[in-house]
Amino acid sequence: MNTLSYNGYKARIEFDETDSILIGHIVGINDVIGFHADSVAELKRAFQESVDDYIETCAKIGKDPDKAYSGKLMLRISPQVHANSALAAKLSGKSLTRWVEDTLIEASELR
């Protein structure tokens, strides 16, 4: 996965073949913040500057930086998957919520 992390923010990185540049987009917030560079080192600097600028701008205008995720997750799954998950949670000695969270953490670790 092509990602960068800085100060609690993450960015998805892509390569633009037409312009031969690296492009990044901060993910996990409601605001749209993009940046680009010709090299990885420049891209990292641009990402960090974008995050710092975003935080500074939010402070200047009296806005809390976006946090797009509340921690609530609504899912629609089949009754059988629900039952199997509840059973797996009980067998592991966890609540269903804790079991699902642990399973999602394990599956989605961004390294």
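Observations
Residue-by-condition table, conditions (1) at pLDDT 90 or above; (2) under 30 Å from Ser95 (Cα atoms); (3) in contact with a Phe, Trp or Tyr (Cβ under 7 Å, 6 or more places away or on another chain):
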| residue | (1), (2), (3) |
| --- | --- |
| Lys10 | yes, yes, no |
| His25 | yes, no, no |
| Gly28 | no, yes, yes |
| Ala41 | yes, no, no |
| Gln48 | yes, no, yes |
| Ala59 | yes, no, no |
| Ala68 | no, yes, no |
| Leu75 | no, yes, no |
| His82 | yes, yes, no |
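- Yes/no for Glu109 being closer than 29 Å to Phe15 by Cβ and charged (D, E, K, R): yes
The values are calculated or read from the model by the stated rules, or taken from the named source; none is laboratory data. What you see is a predicted model, and the numbers here were worked out from it, not measured in a lab. Positions of Cβ are backbone-derived with ideal geometry, glycine not excepted, and every protein chain shown enters the neighbour counts.
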